[in-house]
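S.K.: I have a structure I would like to understand better, so I am pasting it below and will then ask my questions one at a time.
Values quoted throughout were computed directly from the atomic coordinates according to the rules given, and no laboratory measurement underlies them. Owing to the predicted nature of the structure, the values given are computational and were not obtained by experimental measurement. Neighbour counts are summed over all protein chains in view; Cβ atoms, including those assigned to glycine, are modelled from backbone coordinates with ideal geometry.
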Amino acid sequence: MPEVDFTVEVCGMAGDGTIAAGGLINEAMSLGGFSVLGFDSYPAEIRGFGRCVTNSRIGSNDIVALGEKTHALISLNDEQSRSRAPFLAEHSLVFFDSNPPAYVSEDNSLLSVLPPGEEVFGMPFGELAVGASGSSRGRNLTALGGFAAVTGTDPNLFRKVIRDKFKSKGEKVVNINVKSFDAGYQYALEKFSDRLKSVFPKIETGHDPQKVTLSGNQAIGMAAIDAGLKLYFGYPITPATPIMEYLAKYLPEHGGRVVQMEDEISSIGAVLGSFYAGARSMTATSGPGFALMTELITHGVMAEIPAVILDAQRGGPATGLPTKTEQSDLHAAVFGGPGDSARIVIAPTNVEECYHFVIRSFQLAEKYQTPVIVLTDFFLDNRVENRPFIRASEGQAASWNVFPDDAFKDRYQRYADTPSGISPRALPGMQGFNFTATGLEHTEKGSPDYSSENHAKMSEKRHRKIRYALKDLEKPAEFFVSDNLDVGVIGWGSTFGSVLEAVEKSRKNGFKVGALKITSLFPYHSETIKAFMAKSRRVLVPELNYEGQLANLIAHLDSKPVERLNFVTGAPIPPSAIQNRIEELLEVVA
Amino acid sequence: MKTPARILADQVNRIQKSGRFSPRSASLPTWCPGCGYFGIHQGLNDCISRLGLPLAEIVTVSGIGCAGRYPFFSNTYGLHTVHGRALPAATGVKLANPNLTVFAVGGDGDGLAIGGGHLPHIARRNIDVNYLLFDNSIYGLTKGQPSPSSPIGTKTKASPYGTVDKPLNATLMALSYGASFVARLFAGDPKGITEALIEGVRNPGFSFFHIYTTCVTFDKNFKTWTHLKEWTHALSQDYNPNDLRRAFNEVLNDDFSLGVIFKRDI
Amino acid sequence: MSVKRFVIIGNGPAANHAAEALREKSSESKITMFSKDPFRSYRAHLLPDFIAGLIEEEDLYNRPYAHYNEMDITLRLGQRVVNVDFSKRNVILDHKEVVPFDGLIIATGGKPRIPELFQLFGDIMMTLKTPSDARLWIQKLSYVDSVLIIGGDLTSLSLTKALLKLGKRVKFILNEDAFWPVPLNEEIYRAVTGRLEQRGIEIVHCRRIRRITQLEENLLEVETDSELIEVGALGAFFGLVPDVGFLARTGLDIDRGVLVNEFLKTRFSNVYAAGDCAQVYHPVLRDYWISIGHENAIALGRIAASNLAGSHLEVQVEPENILEVGGVKVNTSWWTEF
Ligand SMILES: Cc1cc2nc3c(=O)[nH]c(=O)nc-3n(C[C@H](O)[C@H](O)[C@H](O)COP(=O)(O)OP(=O)(O)OC[C@H]3O[C@@H](n4cnc5c(N)ncnc54)[C@H](O)[C@@H]3O)c2cc1C
Ligand SMILES: Cc1ncc(C[n+]2csc(CCOP(=O)(O)OP(=O)(O)O)c2C)c(N)n1
Ligand code: SF4
Ligand SMILES: [Mg+2]
């Protein structure tokens, strides 16, 4: 089978069924046995009127990054789709409504901005839908029908996922929708009979049932539920809101509760309160909300109370770019807040890791009695991937709480110093262990004490504990690493996929390039990172931020300067940009 | 020879001395001598003793301020949070383990200024937390700045020409926010505090205790012991706390009547 | 010059040369070309070679997409103009888009002519005008080994060559319209049939076709007044007619093509027509004429563009454009009768 690497976008206005159509493409292609990485974007704060775009990259091999050029554009609203024209590859396929309800001026037309090489497929989306179902609401499905016909996709894949999607709404709705799809499919087969392609050949092995199509947000929500989350506290903010919405829907049936709080301060306050009282809880926010939380996060550090905080990063500073992706909260996550407040910061790089890291974050928080910050970003939260995905067993999500021994009853020291720095923690209700958790500097017993000896001792204890946590934190993973590399690329978070793709491509071009994935951002495995830097003649750190926040964090580990590649376009880093930089560096190396 | 009664009496004595069942912690309060908070401490401790609540099943949550230190002086579980955030933390504690009895305590700066945004929400969510607002109309811990409940004209180092902003009325606010139990009390009357607390703890929702108190160190003019004793007085005999309109009237007409102002019929 | 926005309908030689000439004369203006066909500008005379497998499809095309970028010309393929509003000065596209123009050149060329008699069999009869027609021929020829050509215009002869090259059996019905618009006289008829028969083509002499029946997907039965013929495919070659139907009722003067004066201007200001679709006035003949052919299209396209850009050029095409058909020289230009 020829290698497939095809990107399709659906663009329309909210209400056009854009996101649904994109979702169906992802599902159908997954069902067909392809790898899919999808990413939807829409201006959430004006969702009722705004432009929606879904982007799906479909491949016969694993897909780890977003497609850079679009090979097919399905326009459900031409005025909105104009903005997608610059992203079209040469000779892409453009599907549009050839019979819109009203005449459009050239300034609003999609076709007027297309380069001449694109192939246009005009179909009366609405009319076909009306013919099939009596209503034009199925326009998005007739469009999908056209897409399936022209790209040579097995229509049964779409029929199946359409059935699944509408199953809950009854047989009638299912049939209407399948009919709409079929109407578009038949129309395109006939109308474009001399222009049909075969983009998606049938994959004989078919669908791998272990593969599940999931968004980062869904994976996070599922992880929280599988971890036995009891309470979710949050305040709406893009792009974290879908996590709250997911849990609001599913947590109650698992015995948990979602409380929408009055702000982010109260959200983290309540999370600390619940963990203090022994229940797993979490909050998810984005940069502006995270900033509000920092005082209480350091309270968790000082009073040694667990907390799980997910920071779904967006463009900043301040309100910034609410619907754009960025990795610029790293400094805030690691350093934000008053005092020497070391805490644990981890960052998944793909959907599957979102799931496992969130589960792990509860355990780390419990064992190390400190806030654990999980850093994701708009791109990671909203992308969907279909990868083999195995849910954690109850045992894998088990509590890591460290309770005091009964022997210490009535002479309990809440902040007792131990070799690891971990002090067994009692929960309210346990007889004979009453204590006050405090954010004031305190003695081992927990009484406020500002003496210099005590502050020095307890600061050391808390930091020793965080360093000790390294043994439970995932080590950096090496890709294509040999004893000496011309360029070593270090990546984190949502950008790592682009790093990997770029490195793979450079290697195919015959270059000695390797990659290092860092998921534990604080504390971090300095020895492993150092070793990687040492065997790389040049070290490149691509990041979605202006300041080079990871580079700043690790640059001191090696004497040679770290090369930075910083993007603040609000969009994921294109693999080709990293590859170009790698190859530029190679010229310098050579 | 020891009679069984004698042995029992000795045991009781020893236990009492050990403080294991006393709500008072071993560390003595660090408040200034004469501070109104001692009276509140007594009122709350008596409530706990009289209700016979196991100390390990009580959590006292506070923010920052002289009042915020409270948990250290209590033998319950304590959660001393940051400035203004006692109520969110208390919400988390209560929802995490509904078997716990939760007290939130804090000053007027803590609860009406920096944390003022939380009061309406815990009230409307009706979380079963008992919140004691220690209203001395001053920032005690930071050494005497005006607070949101200081009367117009309050002179402090931070307001040498007198304050110009209108004070907040915490009782009125709690009523407006829909708190299901509202009492107005006075630190000089620990018995009254105990009585109201016992009633409030039994209220299965959010209970608000607005406690007039004094900062002997930084307020020599306004909410002094003398003034408070002179101004405060009990609610009238025929007062019916189940009538919200009446409660509003009472609070609008009289700033200093004490007792259970409102109690939602269940 | 105040004219800023030019629209050209067409992407054949007339349209492309007009666009290029316009760009030479006005570097600032915005130029947009529309073609109802989804492919680039191609060399029509190579289509038979493509069918014969002598060249690749790519070789048909003579202007890369980049060319339009370089010239800053917007080329919009696969988008059909369905109407022109000359009062508002808009062209209207099939997909309901409205595009304004200051100046317009109509260069829509011709489309295969199917005489009224045969229109009933439109579905069955194959023509050859575009690369996609050629692809259909290629597809068809992979299933059939005999073809009947009816009509027999100039392109049919080059297609026949291709068919023979592919080893297909070819039958030919040279009917009256054979060399439309050139009248078929005895001399031509004899010369042509002679040549064709020499090459192994079976000439069917008949006056009329009575019936065409599709027996199977790839089997047709044709009944003439003289015989019953079974063939795999049927080609209709009756020449090209100006493709201007969509302009009916727009107020433009249309006879068979768009009527223009000797400067290629229509009755509307800044609206011109050129190429196979234009019917040009001849001041001496005092009549309108049409030419079919590549060179003619180029020349007319350039003149129309120059005049739209402010020149005042009169059509000075070669008096004769001679084409050799089966050894007979035929004049393909300056037809007034057709
Ligand atoms: C098979 C074949 C062989 C030929 N061989 C020769 C030869 O050897 N020598 C020779 O001189 N001539 C030959 N010709 C004729 C020659 O190709 C034409 O005379 C010439 O192409 C005419 O050019 P034109 O620009 O006027 O029109 P065309 O080339 O026909 O172009 C017309 C354009 O207009 C577009 N169009 C039409 N209607 C619309 C609409 N409504 N909206 C948008 N676009 C529209 C079409 O898509 C097309 O792009 C041959 C023709 C064919 C078909
Ligand atoms: C975020 C923050 N801002 C300011 C302070 C300083 N601060 C501590 S207590 C306090 C006010 C105390 O007044 P009040 O709440 O009335 O309590 P009191 O001391 O009177 O009991 C302030 C401003 C702080 N601890 N944290
Ligand atoms: S400063 Fe005022 S409020 Fe604080 S302890 Fe002293 S008297 Fe009480
Ligand atoms: Mg105060």
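S.K.: Take the Cα atoms of the stretch A:477-589, find their three principal axes, and give me the spread along each one in whole Å, biggest first.
M.R.: Dimensions of the stretch A:477-589 along the principal axes of its Cα atoms: 35, 35, 23 Å.
S.K.: Net charge around C:R210, counting only other residues with Cβ within less than 15 Å of its Cβ (Lys, Arg = +1; Asp, Glu = -1)?
M.R.: Once positives and negatives cancel, what remains is -2.
S.K.: Once you put a point 7 Å from the Cα of A:R163 and another 7 Å from the Cα of C:K30, both along the Cβ direction, what distance in nm separates them?
M.R.: 5.0
S.K.: Now, a different point. So, R0 is 56 Å and r is the distance between the beta-carbons of A:S399 and B:R6; what FRET efficiency does that work out to, to 0.05?
M.R.: According to the calculation, E is roughly 0.75.
S.K.: Which ³J(HN,Hα) values in Hz, rounded to whole numbers, follow from the phi angles of the stretch C:95-112 under the Karplus curve 6.51 cos²θ - 1.76 cosθ + 1.60, where θ = phi - 60° and Gly and Pro get x?
M.R.: 8, 6, 9, 10, 10, x, 9, 9, x, 9, 10, 9, 9, 8, x, x, 10, x
S.K.: Could you compute the FRET efficiency for A:N61 and C:R195, with r as their C-beta to C-beta distance and R0 at 51 Å, rounded to 0.05?
M.R.: Taking R0 as 51 Å, the efficiency between A:N61 and C:R195 is 0.30.
S.K.: Excluding residues fewer than 8 places away in the same chain, name every one of the aspartates and glutamates whose C-alpha is closer than 14 Å to that of A:K367.
M.R.: A:E304, A:D472
S.K.: Now a separate question. Considering only DSSP states other than H, G, I, E and B, which chymotrypsin sites (Phe, Trp or Tyr not before Pro) in the stretch A:233-292 qualify as loop sites with at most 10 other Cβ atoms within 10 Å?
M.R.: none
S.K.: What ³J(HN,Hα) values, in whole Hz, does the Karplus curve 6.51 cos²θ - 1.76 cosθ + 1.60 give for the stretch A:177-183 when θ = phi - 60°, with x put for Gly and Pro?
M.R.: Coupling constants for the stretch A:177-183: 6, 5, 4, 4, 4, 4, 4 Hz.
S.K.: Please report, in debye to the nearest 20, how large the charge dipole of chain A is about its Cα centre when each Lys and Arg carries +1 at its beta carbon and each Asp and Glu carries -1 there.
M.R.: That gives chain A a dipole magnitude of about 980 debye.
S.K.: Please check which bits of the stretch A:473-515 a label hung off A:K535 would reach, taking the label as a point 7 Å along Cα-to-C-beta and the cut-off as backbone N under 17 Å.
M.R.: A:475-491, A:504, A:507, A:511-515
S.K.: Which ³J(HN,Hα) values, rounded to whole Hz and listed in residue order, are derived for the stretch A:59-72 from phi using the Karplus coefficients 6.51, -1.76 and 1.60 in 6.51 cos²θ - 1.76 cosθ + 1.60 with θ = phi - 60°, glycine and proline given as x?
M.R.: Using θ = phi - 60°, the values come out as x, 7, 9, 4, 10, 10, 9, 6, x, 8, 10, 8, 9, 9 Hz.
S.K.: Less than 14 Å Cβ to Cβ from C:L75, Lys/Arg counted +1 and Asp/Glu -1: what total charge do the surrounding residues give?
M.R.: -1
S.K.: Moving to a separate point now. Given the protein assembly as shown, what percent of its DSSP beta bridges are antiparallel, to the nearest 5?
M.R.: Among the beta bridges of the protein assembly as shown, antiparallel pairing accounts for roughly 40 percent.
S.K.: What does the C-alpha gyration tensor say about the overall shape of the stretch A:314-354? Classify as rounded when a/c is under 1.5, otherwise prolate if a/b is larger than b/c, or oblate.
M.R.: Judged from the Cα gyration tensor, the stretch A:314-354 comes out oblate (a/c at least 1.5, b/c at or above a/b).
S.K.: Using +1 at the C-beta of Lys and Arg and -1 at the C-beta of Asp and Glu, which of A:F362, B:A158, C:H67 has the Cα lying farthest in the positive direction of the dipole of the protein assembly as shown?
M.R.: Among A:F362, B:A158, C:H67, the one farthest towards the positive end of the dipole of the protein assembly as shown is B:A158.
S.K.: Continuing with the same structure: Given a Förster distance of 51 angstrom, what is the FRET efficiency for B:H233 paired with A:L321, based on the Cβ-Cβ distance and rounded to 0.05?
M.R.: 0.30
S.K.: What is the set of long-range amide H partners of C:Y272 at a cut-off below 5 Å, with H atoms built 1.01 Å from backbone N?
M.R.: When sequence neighbours closer than 5 places are left aside, the close amide H contacts are C:L104, C:I105, C:I106, C:T266.
S.K.: Principal axis lengths of the stretch C:1-136 from Cα atoms, whole Å, largest first?
M.R.: Principal-axis extents of the stretch C:1-136 (Cα, largest first): 49, 34, 21 Å.
S.K.: May I pose another question? Along Cα→Cβ, 7 Å out, is where each label goes; now give me the distance between the ones at B:L53 and A:L189 in nm to one decimal.
M.R.: Here the modelled spin labels are 7.3 nm apart.
S.K.: Going through the stretch A:393-433, which chymotrypsin sites (Phe, Trp or Tyr not before Pro) have at most 13 other Cβ atoms within 10 Å and a DSSP loop state?
M.R.: Of the chymotrypsin sites (Phe, Trp or Tyr not before Pro), not one in the loops of the stretch A:393-433 has a Cβ with at most 13 other Cβ atoms within 10 Å.
S.K.: List the residues, sorted by chain then number, that are 5 or more residues from A:G446 or on another chain and whose placed amide H is less than 5 Å from its amide H.
M.R.: A:Y415
S.K.: Rounded, prolate or oblate: which one fits the stretch C:268-310, using the alpha carbon gyration tensor with axes a ≥ b ≥ c (rounded when a/c is under 1.5, else prolate when a/b beats b/c, else oblate)?
M.R.: oblate
S.K.: If you don't mind, there's one more thing I want to ask. Which one of B:N249, B:L172, B:F206 has its Cα pushed farthest toward the positive end of the charge dipole of chain B, where Lys and Arg give +1 and Asp and Glu give -1 at the Cβ?
M.R.: With unit charges placed on the Cβ atoms, the residue in question is B:F206.
S.K.: What whole-number volume per residue, in cubic angstrom, does the convex hull of the C-alpha atoms of the stretch A:154-297 give?
M.R.: 173
S.K.: Long-range amide H contacts for A:T7: which residues qualify at under 5 Å (H placed 1.01 Å from N, peptide plane, sequence gap of 5 or more or a different chain)?
M.R.: Under 5 Å from the amide H of A:T7: A:I58, A:H71, A:A72.
S.K.: Can I ask one more? Using only the Cα atoms of the protein assembly as shown, build the gyration tensor, take square roots of its eigenvalues as a ≥ b ≥ c, and label the shape rounded, prolate or oblate: rounded if a/c is under 1.5, else prolate if a/b is larger than b/c, else oblate.
M.R.: prolate
S.K.: Show that you can apply the helix-only estimate: for chain B, add -39,500 (n - 2.57) for every DSSP H stretch of four or more residues, divide by all residues, and state [θ] at 222 nm to the nearest 500.
M.R.: About -9500 deg cm²/dmol.
S.K.: Taking each full run of DSSP H in chain B as one helix, which ones are at least 20 Å long along their axis (Cα atoms) and have mean Kyte-Doolittle hydropathy of at least -0.5?
M.R.: The answer, listed by residue number, is B:37-51.
S.K.: A further question on this structure: Cα-Cα over 25 Å: which of B:K157/B:K223; A:K69/A:K535; A:K475/A:K512?
M.R.: Violating the 25 Å Cα-Cα cut-off are A:K69/A:K535.
S.K.: What is the ratio of the Cα radius of gyration of the stretch A:214-388 to 2.2 N^0.38 Å, with N the residue count, to two decimals?
M.R.: 0.91
S.K.: Cβ under 12 Å from A:A65's Cβ, A:A65 left aside: what net charge do those residues give with Lys, Arg +1 and Asp, Glu -1?
M.R.: Neighbour charge sum, excluding A:A65 itself: -3.
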